[in-house]
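The structure under discussion appears below in the form of structure tokens.
The values are calculated or read from the model by the stated rules, or taken from the named source; none is laboratory data. Remember, it's a predicted structure, so these values are computed and weren't measured experimentally. Surface areas here come from the heavy atoms of the whole protein model, side chains and all, with no ligands, DNA or RNA. Shrake-Rupley method; radii C 1.70, N 1.55, O 1.52, S 1.80 Å.
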Amino acid sequence: MHALAEFYIEGGFTMFVTLFVGFIGFGISIDRAWRYYGDYSLDTKVFMKKVRALLVEDRVDDALRLCANQKKGLVPGVVKAAVERYGCDEALVKQNVEAAYLTVVPKITARLPYISLIANVAVLMGLVGTVWGMISMFQGLGNVDAATKQTVMASGIAEALHNTFQGLFIAVLCMMLHSFLSAKAAKLIEEIDHASSEALDWVTLKAFGKLHENAK
């Protein structure tokens, strides 16, 4: 802990600015991970099988209740939009599904691009700290005698390199987190796409009395 404190003290005030930027990125990453693997997590295949079974048995109200009572996941909201328009024209069903889709997808992508932005900002802040350290070093060299110039140079170089290291370290972590979370977000959106398409087909088949045939 003492070594870490010295590391930041030697790096100067820009170290703390870069660290603050990093905390923002990590905070957003934790929020997204919590949503993706918690609130938005759902065994879509099992859920869709239950909905389909209810529709085959003409239990449309039960299918709606199943969607409404499902607290986790975003798929139920889109499926519910299709089922609640059962018996309507296909275009109206599709319009309702698309409206629900446009409501839930932004919840997945919200704040995700900021992680990539923060990675770039961390690199730039590290560069600012590096340049500041070098400026301080050259300013200090003009005000000291030859005996202490080596100490001033060592201090300035240390400040510069500490900022460079931290900026790159935070940037690498943020880029890795962004890639990992982006892949999960893409998977969630793909699940919603597939579920909405299936629900639309099922409701359409149900309206024409063909879902029972399709189930055999």
Fraction of accessible area attributable to carbon and sulfur, the range 1-98 (%, probe 1.4 Å): 60
Kirkwood hydrodynamic radius of the range 4-83 from all distinct Cα pairs, in Å? 15.9
Reachable aspartates and glutamates from Lys45, criterion Cα separation under 19 angstrom, eight or more residues apart if same chain: Glu57, Asp62, Glu190, Glu191, Asp193, Glu198, Asp201
Taking the Cα centre of each part, how many Å lie between the range 1-72 and the range 82-131? 13
Debye intensity ratio I(q)/I(0), log10, the chain, q values 0.11 Å⁻¹ (C-alpha model): -0.66
Expected 222 nm ellipticity per residue - DSSP helices of 4 or more, -39500 (n - 2.57), all of the chain, to 500: -28500 deg cm²/dmol
In the structure shown, do any of Lys72/Lys107; Lys49/Lys80; Lys49/Lys107; Lys50/Lys71; Lys71/Lys94 have a Cα-Cα gap over 22 Å, and if so which? Lys49/Lys107; Lys71/Lys94
What does the convex hull of the alpha-carbon atoms of the range 41-117 project to on average, in nm²? 5.9
Leaving out ligands and nucleic acids, note down the accessible area per residue over the chain with a 1.4 angstrom probe, in whole Å². 58
